[in-house]
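Scroll down for the structure; my scribbles are underneath it.
Quick note: the coordinates plus some simple rules give every number you see, no bench work behind them. Because the structure is a prediction, the values reported are computed rather than measured. Cβ placement follows ideal geometry from the backbone for every residue including glycine, while neighbour counts extend to all protein chains displayed.
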Amino acid sequence: MIIGLFALRLNPDLVVSGINIGENLSYESIMTSGTVGAALEASNQGVPSLAFSLQVEDQGDKFDDPSGVTDRFSDAKRVVREICEKILANGFPENAHVINVNIPTPVRGGYEITRLAEKLFYTGVEERFDPRGRPYYWIDGPLHEDAEEGTDVHAVQKGNVSITPITLDCTAFRAKDDLRGIFDGMAI
């Protein structure tokens, strides 16, 4: 990303990261997403950025045989084109750094402006063993079926394209006064 922006002097109007095979829904997911991470990095360098991800309902598809999901890209390509055209024509939202877009398969509804859900999956850890008998751990868990209305997870579960504005500032502003009270008068 840095080389593309600086060494190659591309000066893009917009960075598009993705289309990722697999959704990047919820706060939990975006914190470990390379697709969203690339968009955040571009935004941190001053370029408006979008991250696009395509829902894969059978998670085994994306790990075992990603070629099985390529037929699902026709809707996704249309969505990417439409959203990029709208953003380029109307400007990037002033108070957002990245727009995270998740596309359901299939698209059954419209576009929905959302907020991040906390989690997409219930967290679970499964101990497995490699061919030499050494343990390793697979992080997995069942899907949250009861996503809160207005969240990215809920929108995609309904078949809508989720459009979530994200900012780079992760500061918990409301906690600052509490912390001042805890550390007031403390010296090193």
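Out of the DSSP beta bridges found with both residues in the chain, what percent are antiparallel (nearest 5)?
Restricted to the chain, the bridges split so that about 45 percent are antiparallel.
I want to verify the translational diffusion coefficient of segment 96-136 in µm²/s; compute it with Stokes-Einstein, Rh as the Kirkwood radius over Cα pairs, at 10 °C and 1.306 mPa s.
108
What ranking, highest mean first, results for peptides 75-83, 128-136, 164-172 when packing means the other Cβ atoms within 10 Å averaged over each residue?
Ranking, from highest mean packing down: 75-83, 164-172, 128-136.
Within the chain, how many Lys pairs sit with Cα atoms under 30 Å apart, leaving out pairs fewer than 8 places apart on the same chain?
Count of close lysine pairs: 11.
Can you order the peptides 173-181, 139-147, 100-108 by their average number of other Cβ atoms within 10 Å per residue, highest first?
On the way: 173-181: 8.9, 139-147: 12.7, 100-108: 21.3.
Packing proxy ranking, top to bottom: 100-108, 139-147, 173-181.
Would you mind working out the magnitude of the charge dipole of the chain relative to its Cα centre, with +1 at each Lys and Arg C-beta and -1 at each Asp and Glu C-beta, to the nearest 20 Debye?
580
Along the Cα→Cβ direction, 7 angstrom out, place labels at Tyr111 and Leu143. What is the inter-label distance in nm?
Inter-label distance under the simple model: 2.5 nm.
Using only alpha-carbon positions, what ratio does the radius of gyration of the chain give when scaled by 2.2 N^0.38 Å?
1.19
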